[in-house]
Amino acid sequence: MLNDSKVEDVIIIGGGPAGYTAALYAARANLHPLVIEGFQWGGQLMITSDVENYPGYADGVLGPEMMQDFRRQAERFGARFVTDDATRVDFSERPFRVWVGDDEYRARAVIVATGATARQLGLPSETAFQGRGVSYCAVCDAAFFKEREVVVVGGGDSAMEEATFLAKFATRVTVVHRREEFRASKIMLERARNNPKVGFVMNAVVEEVLGEDGRMTGVRVRDTVTGETWEIPAQGLFVAIGHDPNTRLFLDWLDHDEAGYLVTKPRTTETNIPGVFAAGDVQDHVYRQAVTAAASGTMAALDAERFLAAEEGHPGSALTAPRPEAEPARA
Ligand code: NAP
């Protein structure tokens with residue numbers, strides 16, 4: 001069912017730091033953005049507790065509260081929300097079409113900000129201790145584990161990087177990896193191996209997160225060869241087994257890399273389809289921070305605004321000048 005005949009200026013798909021920041025800027029540029037924010041809006045910050053590295057929150061803030069603040073700020077300037085998941089898109093011609101179930105929405109520009117999802121182990125006890133010991137981001141949460149013992153799961157570059165970073169704070173870091181060989185690059189592996197605080201348990205999987213009174217006390221691991229189980233005392237568990245970009249809907253339309261991350265033109269948020277932009281973790285598997293996602297949401301709104309302003313008759317705002325050509329990246 002066509003959701004009235006209106007063609008929106010811009011539809012933003014995704015309700016995390018990138019999507020809400022794009023909505024804030026687009027709303028302030030009079031583009032009346034419609035945000036299809038997802039049934040479980042808020043993104044990855046909804047499964048974290050304290051956020052202490054977002055500039056402006058000097059005393060820290062809870063992840064879900066921060067996302068409410070982001071949302072409220074966009075709403076204040078007129079952003080509208082559909083609290084459901086986009087289920088299909090058609091970018092073959094303009095206006096672009098986006099469906100939420102049977103409801104169809106149309107727009108002259110689209111910003112994709114659907115983020116990425118940290119892979120989880122899939123244990124009920126892991127979910128129970130999320131934000132209370134279980135974390136998916138060492139850069140965000142390592143400082144909470146000063147003088148504590150932590151376990152890192154994974155055998156890739158992320159796991160090695162997180163283990164090395166965590167060793168600056170924790171007294172002991174135990175990397176638990178399910179195989180004998182590592183996926184991590186040699187240099188990252190060596191760095192972790194050479195750190196006296198970092199130990200390794202190979203051929204083992206975490207099968208339970210243990211705790212008392214809501215506080216994590218350790219993990220139970222199982223040897224994948226012998227089946228033997230034992231406990232490792234720890235107050236933190238960092239799951240570093242990769243991320244998956246939320247791009248299933250877009251793969252037929254938008255250029256992406258092997259892992260499914262959308263590809264944008266260097267130093268812009270432009271995708272291969274003029275008028276479709278991508279912002280945040282959906283196109284960034286390197287930095288993955290709320291602040292970098294928000295910054296890229298800003299870029300997408302400005303890019304969309306310039307794109308629409310360049311079209312006939314659109315009033316645009318202060319940004320009517322064409323976008324300067326991107327300079328070659330500096331070395
Ligand atoms: P990754 O390379 O896909 O490694 C994931 C690791 O988690 C693998 O060792 C995998 O084990 C393990 N794993 C997956 N599912 C698991 C499960 N259910 N239970 C237990 N273990 C599981 O992911 P990543 O380390 O996040 O790296 C992603 C990309 O980013 C890579 O290209 C990496 O080089 C890059 N990266 C680069 C840097 C850097 O250069 N500074 C830092 C971080 C990441 P198996 O090996 O058995 O499959």
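Please return the longest stretch of the chain lacking exposed loop sites, where chymotrypsin sites (Phe, Trp or Tyr not before Pro) count only if DSSP places them in a loop and at most 16 other Cβ atoms lie within 10 Å.
78-286
Return one quarter of the surface area of the convex hull spanned by the alpha-carbon atoms of the range 1-85, equal to its mean projected area, in nm².
The Cα convex hull of the range 1-85, projected and averaged over all directions, gives 5.8 nm².
Between 185, 135, 158, which gets the highest mean-square fluctuation from a Gaussian network model of the chain, Cα cutoff 10 Å?
185
Just tell me the longest site-free run in the chain, where the sites are GluC sites (Glu not before Pro) in a DSSP loop having at most 10 other beta-carbon atoms within 10 Å.
1-92
Quick check on the range 261-303: take the gyration tensor over C-alpha atoms, sort the square-rooted eigenvalues as a ≥ b ≥ c, and tell me if it's rounded (a/c under 1.5), prolate or oblate.
oblate
Mean residue ellipticity at 222 nm from the helices of the chain, using -39,500 (n - 2.57) per DSSP H segment of n ≥ 4 over the full residue count, to the nearest 500 deg cm²/dmol?
Computed ellipticity for the chain at 222 nm equals -6500 deg cm²/dmol.
Quick check on the range 120-239: take the gyration tensor over C-alpha atoms, sort the square-rooted eigenvalues as a ≥ b ≥ c, and tell me if it's rounded (a/c under 1.5), prolate or oblate.
oblate
Which of the lysines could a cross-linker bridge to residue 197, judged by Cα under 16 Å and excluding same-chain residues fewer than eight apart?
146, 168
How much of the accessible area of the range 1-131, in percent, comes from carbon and sulfur atoms when a 1.4 Å probe is used?
46
Pulled fully out, how much extra length does the chain show between residue 103 and residue 84, if you take 0.36 nm times their separation in residues and subtract their Cα-Cα distance?
5.8 nm
Between residue 92 and residue 147, what is the FRET efficiency for a Förster distance of 56 Å, r being their Cβ-Cβ separation, to the nearest 0.05?
It comes out at approximately 0.45.
Using a 10 Å Cβ count of at most 10 others and DSSP loop calls, identify the longest part of the chain lacking such trypsin sites (Lys or Arg not before Pro).
In short, 147-329.
Rounded to the nearest 5, what % of the DSSP beta bridges within the range 120-239 are antiparallel ones?
Given both bridge residues lie in the range 120-239, the antiparallel proportion sits at roughly 45 percent.
If you take the C-alpha gyration tensor of the chain, multiply each eigenvalue by 5 and take the square root, what semi-axes do you get, largest first, in whole Å?
Equivalent ellipsoid of the chain: 40, 20, 19 Å, largest first.
Using a cut-off of 15 Å between beta-carbons, work out the net charge of the residues near residue 217 (Lys and Arg +1, Asp and Glu -1, residue 217 not included).
-1
When ligands, DNA and RNA are left out and all protein chains stay put, how many square angstrom of accessible area per residue does the chain have with a 1.4 Å probe?
In whole numbers, the chain has 50 Å² accessible per residue.
The values are calculated or read from the model by the stated rules, or taken from the named source; none is laboratory data. Since the structure is predicted, the reported quantities are computational estimates derived from the model, not experimental observations. Note: ideal-geometry Cβ built from the backbone for every residue, glycine included; neighbour counts use all protein chains shown. To get the accessible areas, we keep the full protein, side chains included, count just its heavy atoms, and leave off ligands, DNA and RNA. Shrake-Rupley method; radii C 1.70, N 1.55, O 1.52, S 1.80 Å.
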